[in-house]
Structure formats: C-alpha cells, structure tokens
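Enquirer: Can you read through this structure? Questions will come right after.
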Amino acid sequence: MKIVLFDIDGTLLHSGGAGKNAMMQTFEELFRIKNGFAGISMAGKTDPLIIKTAFENHSINPTADIVDQFKKRYFELLAENIKLNYAKKKIYPGVSDLLDALAEHPEIIMGLLTGNWQEGARIKLSYFNFDRYFSFGAFGSDSIDRNELLPIALKRCEIDNRNGWKNRDVVVIGDTPNDVQCAKVHNALALAVATGTYSVDDLYRSGADLALDDLSDVESIKNWILKKK
C-alpha cells in the first residue's frame, strides 16, 4: 500500500490570490492595517505561522480570542474570494488526471498534508471539486510546524495495516522545500513539482527524491509512486 499526501496551493491549484487577499482583507478589517502581510513569504508555510509572523511584525498580541476572530472572518472572506474571477486561478497541468488515476488504484490511498487551516483547505478544494478525493489529512490547524504534520496524517489514515507499511511507503507531493523537508524528516519520499515559486533545480537541491516541471506525465508518476522504495 502506498499513501500519497498532497499539498494544495502551488501543487494542486492556484487560487488566483484568493487566500492571500482574504488574509489581507481580514487584517485590515480587524486591525486597520493595510498590506499587513507585506514582505512575508507564504509559500510552504502553515497558516498559523503566517499570521504569527504578521502579528509580530505589527506588535499585535495574538490572544486566543483575536486568533479566533481572525480565522472566522478569514474563512468568510475566503469563501467569497475563491469565487472571484482571478486571472491566475487555475488547476495545474495533469492534476485532475493524476487524482483520477491514483483514486482508481487499489494499492494507493490519498490524503492531504497542507499548511492551510482545515476549513480553509475545505473551501479551496470544494470550489475545484477536489474535496471528494481526500478522506483524511493533516492541516495547519494541527500544528504551526509543518514538520509535525506527517505523523498526524498517518494516524488519521484508516487502512488495513496488516502488511506493515512503513514511512518509505509514504509520498509527499508539494511545491516547496518545506514540503520536501516535512517528508524527509520522517524518512518518507518527496515528489516535488515546480508549479509554485521554486524551480526543479531548487527542489532537487532541497532533497527531493523526484522533481518535475508539473504533474502531467500521469502514468510515469503513478509508476514511480508504486515502484519507489
């Protein structure tokens, strides 16, 4: 059995900026600060880490109540923003066909490993009709540290483990060095895709077992997942 854990943003889809815009709008509404996330790189980060950095940059005390208010309004605005006609909003090449192919294979089970809060992930995936592929996952809601998410995802993976699958039977698919790192620290495999902000060379240098321009070569990717040890 192979367990394939997907990142969302930059890997499966580009929201067109819906997530970032919803965060900036929320920040401005709550704190009267424009461009509250200026200078903060979001690629490969968990949502809790992103807002923690913004709060620190603007000397805001992140009490539990403030964080809850932020998340509630962010989810509302994300649900609105994801429906807007952003020029860059898209599904990346090969993604739909790859998800179909992996979902049909009896020796592969798919889940999520994403820095999004779980509700944010649901909103994005539902818009693109991708939520139907994933019955479990680990999210930014579970830990601010992406490196802690893989064991959480595996605990939620409800499969028959009589054959004793190991971490080398787990493949993390993502678009940043952080995705690669969160796989390698647990001795899992990292398949990196250069559809985000990093090149194939960047991703190989970060330790990826396989790095590709995109996910369009579905048959080769499926075979690599099944044969790689």
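Taken together, the values in this text are just the output of simple stated rules run on the coordinates, not laboratory data. What you see is a predicted model, and the numbers here were worked out from it, not measured in a lab. As a convention, Cβ positions derive from the backbone with ideal geometry for all residues, glycine included, and neighbour counts pool all protein chains shown.
Enquirer: Explain nothing, just compute: Karplus ³J(HN,Hα) = 6.51 cos²θ - 1.76 cosθ + 1.60, θ = phi - 60°, for every residue of region 100-105 in order, whole Hz, x for Gly and Pro.
Expert: Karplus values, whole Hz, x for Gly and Pro: 4, 5, 6, 5, 7, 8.
Enquirer: Check L212: other-chain or 5+ apart residues with amide H under 5 Å from its amide H, H built from backbone geometry?
Expert: A192, V193, A194
Enquirer: In addition: So what are the ³J(HN,Hα) numbers for region 118-130, from phi and the Karplus equation (6.51, -1.76, 1.60; θ = phi - 60°), rounded to whole Hz, Gly and Pro as x?
Expert: 4, 5, x, 4, 4, 4, 5, 5, 4, 4, 8, 6, 9
Enquirer: Still on this structure: Taking 7 Å along the Cα-to-C-beta vector as the label spot, tell me the R205-K90 distance in nanometres, rounded to one decimal.
Expert: Distance between the two pseudo-spin positions: 2.6 nm.
Enquirer: Add +1 for every Lys or Arg and -1 for every Asp or Glu among the other residues with Cβ under 12 Å from the Cβ of I152, and state the total. Don't skip to the answer; put the middle values down first.
Expert: On the way: positive: R146, K155, R156; negative: D142, D145, E148.
Neighbourhood net charge equals 0.
Enquirer: Among I8, I108, rank each residue by its count of other Cβ atoms within 10 Å, from fewest to most, as a rough exposure measure.
Expert: On the way: I8 25, I108 17.
Ranking I8, I108 by Cβ neighbours within 10 Å, fewest first, gives I108, I8.
Enquirer: Taking H placed 1.01 Å from N in the peptide plane, check which residues at least 5 places from I108 or on another chain put their amide H under 5 Å from its amide H.
Expert: K2
Enquirer: Using Cα pairs under 8 angstrom and six or more residues apart, how large is the relative contact order of the chain, in percent? Don't skip to the answer; put the middle values down first.
Expert: On the way: 398 pairs, mean separation 59.8, N = 229.
Averaging sequence separation for qualifying contacts and normalising by length gives 26 percent for the chain.
Enquirer: Next up: Give me L191, L30, L77 ranked fewest to most by other Cβ atoms within 10 Å of their Cβ, as a rough exposure proxy.
Expert: Numbers: L191 25, L30 15, L77 19.
Starting with the residue having the fewest Cβ neighbours, the order is L30, L77, L191.
Enquirer: Which cross-chain or sequence-distant (5 or more) residues have an amide H under 5 Å from the amide H of L5, H modelled 1.01 Å from N in plane?
Expert: HN-HN under 5 Å from L5: G111, V171, V172, I173.
Enquirer: For the pair I40 and D65, what calculated FRET efficiency results from E = 1/(1 + (r/R0)^6), where r is the Cβ-Cβ distance and R0 = 22 Å, to the nearest 0.05? Walk me through the numbers before you get to the answer.
Expert: Values: r = 23 Å, r/R0 = 1.03.
Efficiency at R0 = 22 Å is approximately 0.45.
Enquirer: Given 10 Å bins starting at zero, what is the percent of C-alpha pairs of region 1-94 in each, up to the one with the largest pair distance?
Expert: Per 10 Å bin, starting at 0, the Cα pair percentages come out as 15, 45, 29, 10, 2, 0.
Enquirer: Using Cα springs under 10 Å in a Gaussian network model of the chain, which residue among A190, A22, A38 shows the largest mean-square fluctuation?
Expert: A38
Enquirer: Something else about it: Students often forget the sequence filter, so: which lysines lie under 22 Å Cα-Cα from K90 once same-chain residues fewer than 8 apart are removed?
Expert: List returned: K20, K45, K124.
Enquirer: Sticking with this structure for a sec: Check each of the chymotrypsin sites (Phe, Trp or Tyr not before Pro) in region 1-82 and keep only those in coil by DSSP with at most 13 other C-beta atoms within 10 angstrom; list them in order. Please list the in-between numbers first.
Expert: On the way: sites: F6, F27, F31, F37, F55, F70, Y74, F75; in loops: F37.
Passing both the DSSP loop test and the Cβ count: no residue.
Enquirer: Can you bin the chain into rounded, prolate or oblate? Criterion: square roots of the alpha carbon gyration tensor eigenvalues sorted a ≥ b ≥ c, rounded for a/c under 1.5, prolate for a/b above b/c, oblate for the rest. Don't skip to the end; give the middle numbers.
Expert: On the way: a/c = 1.81, a/b = 1.66, b/c = 1.09.
Note, shape of the chain comes out prolate.
Enquirer: Here is a follow-up. Mind pulling the angle between the C-alpha long axis of helix 64-81 and the longest principal axis of the chain? Nearest 10 degrees, somewhere in 0 to 90.
Expert: The angle comes out near 70 degrees.
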